[in-house]
Structures are given as structure tokens and as C-alpha cells.
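Step one of this worksheet: look at the structure below.
Throughout, read-outs are computed from the coordinates displayed, never taken from laboratory work. Because the structure is predicted, anything quoted here is derived from the model rather than measured. Here the Cβ positions follow ideal geometry from the backbone for every residue, glycine too, while neighbour counts run over all protein chains shown.
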Amino acid sequence: MSEKRVEDINPETVEKRLQDNEQFQLIDVRETNEYEEGHIPGIKLIPLSDFENRYQEIDPAKEVVMVCRSGGRSGKASDFLAANGYENVKNMVGGMLAWNGEVERG
């Protein structure tokens with residue numbers, strides 16, 4: 001049995017794919033207060049603190065890119081998804097600290 005692996009994706013690639021209107025799920029696992037301070041437009045918030053209860057909201061048939069502040073929490077959430085049968089999971093390295101694209105507040 002091959003081990004499921006989560007791929008890294010850099011913020012510039014995520015930004016370009018959003019600009020090109022590519023279809024993928026973008027999930028922010030930070031807490032609500034962090035999300036409200038600034039997030040990628042259109043991203044879905046599922047805080048890591050509630051992730052095990054809500055991860056089924058993510059479609060396993062579609063690619064998913066996980067985001068947090070620096071890449072640590074999203075890495076944990078990505079590993080959790082991979083362990084639960086999700087096969088197309090990417091972790092945005094550097095998280096929002098490395099994001100130079102558009103940001104929404106609130």
C-alpha cells in the first residue's frame with residue numbers, strides 16, 4: 001500500500017490559479033479572529049479547532065488547497081485529510097504570511 005502524501009504549493013501558484021479561475025477548494029484552518037483580520041477572497045473557513053467535526057464539508061473528489069498563518073496548522077489538516085482518504089490535497093507553504101495577493105477583511 002502506498003503512503004498518501006500531501007504536496008506543497010506556493011502562494012504565487014495559488015494566486016495565479018485563482019486569477020485563471022481554476023476550480024479547486026481553498027480552505028482556511030485559522031481561527032475566526034485571524035480569518036476576519038484578512039483572508040483570501042472566496043476561501044472557506046474551517047478552523048483547525050473544529051476540523052475533525054467539519055472536514056466532511058470538503059469534497060474528497062475535488063482538489064483542495066489548505067491555508068493557515070504560516071503553513072503549520074494547514075499541514076496538520078492536510079495530513080488529516082490524506083489519512084481520511086482525500087487524494088488531491090495541497091498545503092500552501094508559508095501560509096498567509098507569504099501571501100501577497102488580494103485580501104478581504106471581515
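Computed quantities for the displayed model
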quantity: Loop trypsin sites (Lys or Arg not before Pro), region 2-56 (other Cβ atoms within 10 Å of the site Cβ: 15 or fewer; DSSP); calculated: 4, 5
quantity: Neighbour-limited loop hits for GluC sites (Glu not before Pro), region 1-92 (at most 12 other Cβ within 10 Å; DSSP other than H, G, I, E, B); calculated: 3, 22, 87
quantity: Listed values (1) 16, 53, 28, 3, 0; (2) 13, 30, 21, 18, 14, 5, 0; (3) 14, 46, 30, 9, 1, entry calculated as P(r) over Cα pairs in 10 Å bins from 0, in percent; calculated: (1)
quantity: Extension gain from residue 84 to residue 5, taking 0.36 nm per residue of separation minus the Cα-Cα distance; calculated: 27.3 nm
quantity: Counted charge near residue 16, where neighbours are those whose Cβ lies closer than 13 Å (Asp, Glu -1; Lys, Arg +1); calculated: -4
quantity: GNM result for the chain, Cα springs below 10 Å: residue of 85, 38, 95 fluctuating most strongly; calculated: 85
quantity: Relative contact order of the chain, defined on C-alpha pairs under 8 angstrom at six or more residues apart (%); calculated: 39 percent
quantity: R0 of 25 Å, Cβ-Cβ distance residue 105-residue 50: FRET efficiency to nearest 0.05; calculated: 0.70
